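First the structure, in the form of structure tokens, and then the observations on it.
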Amino acid sequence: MPKLAPQETRTFFLTLVTANRRRVFQVHEKADLLLTLFSDDRAKSRYAIHAFAVMPDHVHILITPAKEISFEKAVQFIKGGFSFRLKSKMDVWQKGHNEHRIKDAGDYDHHVTYIHENPAEAHLPESYPFTSAKMPHLVDLGPVHLTTRG
């Protein structure tokens, strides 16, 4: 088994985009299905989610894989797990993903803010529910070494 990076360097800002930018998550039941997957995977200790925004055609996640799980495997749990649960005959996700390794507390705070402001930037209604800003009970505390907020 390959040696994983130290846990303190394993928090990422992750963006997953739907295939052909289809607005999969515009249907609230599908957004709820993804949030259920997050909850189930977190209950299995596969990864921690510190912030998220489920947008109509993409998802932003601030994620720390579990100590024994690679970042790539955590991404596979999300993309593959959701595709399996959705049971769609069409591709659900674009190939690959965008990632940014969080460097320090300032970088962490910047990405939490970006994620929480993303729905407003996309001109979604203020009541848009599918973010950790509106659903803080669905996220884990940030890694101690990356948090500056009380």
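The values are calculated or read from the model by the stated rules, or taken from the named source; none is laboratory data. As the structure is a prediction and not an experimental result, all values here were calculated from the model. FYI the Cβ positions are ideal-geometry reconstructions off the backbone, even for glycines, and counts take in every protein chain you see.
Here are the numbers for the structure shown:
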read-out	value
Pairs where the first residue, in segment 39-59, is assigned to a helix (DSSP H, G or I) and the second is of a type in the set (A, V, I, L, M, F, W, C) and modelled with pLDDT of 95 or more, C-beta under 6 Å, 6+ apart	Asp41/Phe77
Criterion (touching a residue at least 60 places away in the same chain (Cβ under 8 Å) and either aromatic (Phe, Trp, Tyr) or assigned to a loop (DSSP other than H, G, I, E, B) (or both)) met by exactly one of Glu68, Glu99, Glu126	Glu68
Selected residue (only one of Thr9, Thr15 is of a type in the set (S, T, N, Q), under 13 Å from the mean Cα position of the chain (by Cα) and either under 19 Å from Ala133 (Cβ atoms) or modelled with pLDDT under 95 (or both))	Thr15
So Phe25, is it assigned to a helix (DSSP H, G or I), over 13 Å from the mean Cα position of the chain (by Cα), surrounded by 15 or more Cβ atoms within 10 Å (Cβ to Cβ) and modelled with pLDDT of 95 or more	yes
Yes/no for His137 being over 18 Å from Lys30 (Cα atoms) and assigned to a helix (DSSP H, G or I)	yes
